[in-house]
Amino acid sequence: MSLALSSNALRDVALAALDRAKRGGADQAEAESTQGLGLNVTVRLGELETLEHNVDKSLGVTVYVNGSKGNASTGDFSAAAVNAAVDKALSIAKFTSADPHAGLADASAMAKDIPELDLYHPWALEADAAIAIAKRCEDAGFEVDERIDNSEGASVSVSESEFVYANSHGFAAGYKGSAHYIGCAMVASDGDAMERDDWYTSHRVPGELEAAESVGKKAGERAVARLNPRKLATQSAPVIFTPSLASGFIGHAIGALFGGSLYRKTSFLLDSMGQNKFASLLNIVDDPFIPRSYASSPFDGEGVACQRRAIVENGVVRGYFLATYSARKLGMQSTGNAGGNHNLLITPTIKGDTATLAKQMGRGLIVTELMGQGVNPVTGDYSRGAAGFWVEGGEIAYPVAEITIAGNLLELYQRIVAIGDDIDRRGSKHVGSMLVESMHIAGT
């Protein structure tokens, strides 16, 4: 299978919507046309459980009439359907209040030089081949240990997409992208004890995916390692977040630096520009230009040129994440982040991984799983259910579960003492293991 429409045809749909909006009385308008396709299979206990093919397309159009905004969408690209969607958006705009901050990004901010970021690598994977990969992944998980006696399944997915964004400033551009995934979750049992864990690999380039057998093996090993966990006594101790969890831990700060949280005053990092809110060793860069990376983009969702810039520099906040609307509300300029952050690069401070940090820590907790949503975005109060491993003498002593880790993020971020170079690049936050000097651990 391949994308149904040519790039020119996709562009023509967006431009047709803009033309209709202009003729209908819109002062400004923007449209985004998209198409995509994908395959997803899940195998459990050696048998096919799900097989899904998807082929999608959509058009979203937004119009501005005298400061009032209206938007509508359609999955039908026929001329009649496109016209109907635009007319609906124009009609909606008649019933909305004018907003002085609404409207397109400034014409001068539109991207002009659009770099090639090598984001499109389709995988011509047939269903039978995908099923075979999923089975190999699950089989490898079962082979780890005889205590692996169940599975939540192994999945393989491939997808490709394309979009064109256009607006009445004359901007019209887009690009193709791909995303591929292999993942597995295994269950281990020992008497009445039962634990599960998972692993996955994901990349735009199929050849860069971790081998299916390796994914299954890691999922199995992780499940076995968690068997027969102990509880901890309530105490304060150092905590290490593994890379995938360090991403979420630092992600609370990123969310607090988004314009929507700032102008609504629902951020614990309100008015933090230029202030030392983090440990002096912390450096974060927002980089939209890494080839083949998931969060790379030459322009944002409003056509604004993206830029590589510092967000946190030696612990000091140097940047927010602003789309046009939030920037205007704050009296600032768009940072090219309509649609979210780009690749966040958190600089390592040591050469080494979780095991290296454990030796530095000596005694404390390695967190490998978090549960619940106990984070207050206004105050920064943090409390999450957790599981992982207790460390004594710099080595893992035993698994632990049924504990809670807590603190206030404004204090916890100041207590970051080391960041490893075992960087997880599967998402938008590229960070290694992270050692926090002290957190409250609630247990027995």
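If contacts are Cα pairs under 8 angstrom and at least 6 residues apart, what is the relative contact order of the chain in percent? Walk me through the numbers before you get to the answer.
On the way: 1175 pairs, mean separation 63.3, N = 444.
Contact order relative to length: 14 percent.
Peptide packing: for 158-167, 190-199, 356-365, the average count of neighbouring Cβ atoms within 10 Å per residue gives the ranking 158-167, 356-365, 190-199, highest mean first.
Pairs exceeding 29 Å between alpha-carbon atoms, taken from Lys218/Lys277; Lys88/Lys429; Lys217/Lys351; Lys277/Lys329: Lys218/Lys277; Lys88/Lys429. Here Glu126 and Ala172 are evaluated by their C-beta separation; at R0 = 30 Å the FRET efficiency comes out at 0.30.
Placing a label point 7 Å from the Cα of Arg230 along the Cα-to-Cβ direction, none of the residues of region 179-203 has a backbone N under 17 Å of that point. Take the Cα of Lys112, step 7 Å toward its Cβ, do the same at Asp27, and the gap between the two points is 2.6 nm. Counting only DSSP beta bridges with both residues in the chain, tell me the antiparallel percent, nearest 5. Just about 95 percent of them are antiparallel. Here's how it looks for Glu369: its modeled amide H is under 5 Å from those of Ala387, which are all 5 or more places away or on a different chain. In loop segments of region 87-140 as defined by DSSP, the trypsin sites (Lys or Arg not before Pro) with at most 16 further C-beta atoms inside 10 Å of their C-beta are Lys94, Lys112. A straight line joining the Cα centroids of region 282-335 and region 415-430 runs 19 Å. Taking the alpha-carbon centroid of each part, what is the distance from region 165-182 to region 101-145 in angstrom? Comparing the Cα centres of region 165-182 and region 101-145, I get a distance of 14 Å. For the chain, the fraction of alpha-carbon pairs lying more than 32 Å apart is 48 percent, rounded to a whole number. How much FRET efficiency would the formula 1/(1 + (r/R0)^6) give for Glu395 and Met371, where r is the Cβ-Cβ distance and R0 is 22 Å, rounded to 0.05? Once the sixth-power term is evaluated, E becomes 0.30. Working note: Karplus 6.51/-1.76/1.60 with θ = phi - 60° gives region 166-171 the couplings 9, 9, 6, 6, x, 7 Hz, where Gly and Pro are set to x. When the Cα positions of Val86, Ser33, Ile419 are compared along the charge dipole of the chain, Val86 comes out farthest toward the positive end, with charges on each C-beta of Lys, Arg, Asp and Glu.
Taking amide H positions as modeled 1.01 Å from N, with prolines and chain starts lacking one, the residues under 5 Å from Gln28 and 5 or more places away or on another chain are Tyr64. Here the label points at Asp99 and Glu208, each 7 Å from Cα along the C-beta direction, are separated by 3.6 nm in the simple model.
The largest accessible area among Arg222, Arg230 belongs to the first residue in Arg230, Arg222, and the rest follow in falling order (1.4 Å probe, all chains).
How large is the helix-only mean residue ellipticity at 222 nm for the chain, computed as the sum of -39500 (n - 2.57) over DSSP H runs with n ≥ 4, divided by its residue count, in deg cm²/dmol to the nearest 500? Present the calculation step by step, with values, prior to reporting the outcome.
Numbers: 9 runs with 100 residues, N = 444.
Theoretical 222 nm ellipticity from helices: -7000 deg cm²/dmol.
Between the Cα long axis of helix 127-142 and the first principal axis of the chain there is an angle of about 20°, rounded to the nearest 10. The 3J(HN,Hα) values that the Karplus relation (6.51, -1.76, 1.60; θ = phi - 60°) gives for region 144-153 are, in residue order, 4, 6, 5, 7, 7, 10, 7, 8, 8, x Hz. Gly and Pro appear as x. For Ala193 and Glu411, a Förster radius of 51 Å and the Cβ-Cβ distance give a FRET efficiency of 0.90, rounded to the nearest 0.05. Rolling a 1.4 angstrom probe over the protein heavy atoms with all chains in place gives the chain an accessible area of 43 Å² per residue. Placing pseudo-labels 7 Å out from each Cα toward the beta carbon at Ser58 and Asp19 gives an inter-label distance of 2.5 nm. On the chain, 48 percent of the accessible area sits on carbon and sulfur atoms, based on a 1.4 Å probe. What would the Debye equation give as log₁₀ I(q)/I(0) for region 280-324 at q = 0.14, 0.26 Å⁻¹, counting only Cα atoms as equal point scatterers? For the requested q values the scattering log ratios are -0.38, -0.96.
Size of the dipole of region 299-444 about the Cα centre, Lys and Arg at +1 and Asp and Glu at -1 on the beta carbon, nothing else charged, in debye to 20? Display every interim value, and only then the final one.
On the way: 13 positive and 14 negative charges, 108 e Å.
About 520 debye.
To the nearest ten degrees, helix 7-23 and the longest principal axis of the Cα atoms of the chain are 50 degrees apart. When His101, His53 are compared by accessible area at a 1.4 angstrom probe, the order from most to least is His53, His101. When each of the peptides 394-403, 138-147, 28-37 is scored by the mean number of other C-beta atoms lying within 10 Å of its residues, the order from highest to lowest reads 28-37, 138-147, 394-403. With axes computed from alpha carbons, what is the tilt in degrees of helix 243-256 against the longest principal axis of the chain, rounded to the nearest 10 within 0 to 90? Roughly 40 degrees between the two axes.
Based on the reciprocal of the average 1/r between different C-alpha atoms, the Kirkwood radius for region 130-169 equals 13.3 Å.
The values are calculated or read from the model by the stated rules, or taken from the named source; none is laboratory data. Bear in mind that the values here come from a model prediction, so they are computed numbers and not experimental data. Don't worry about glycine lacking a Cβ; one is built from the backbone with ideal geometry, like all the others, and counts go over all protein chains shown. Surface areas here come from the heavy atoms of the whole protein model, side chains and all, with no ligands, DNA or RNA. Shrake-Rupley method; radii C 1.70, N 1.55, O 1.52, S 1.80 Å.
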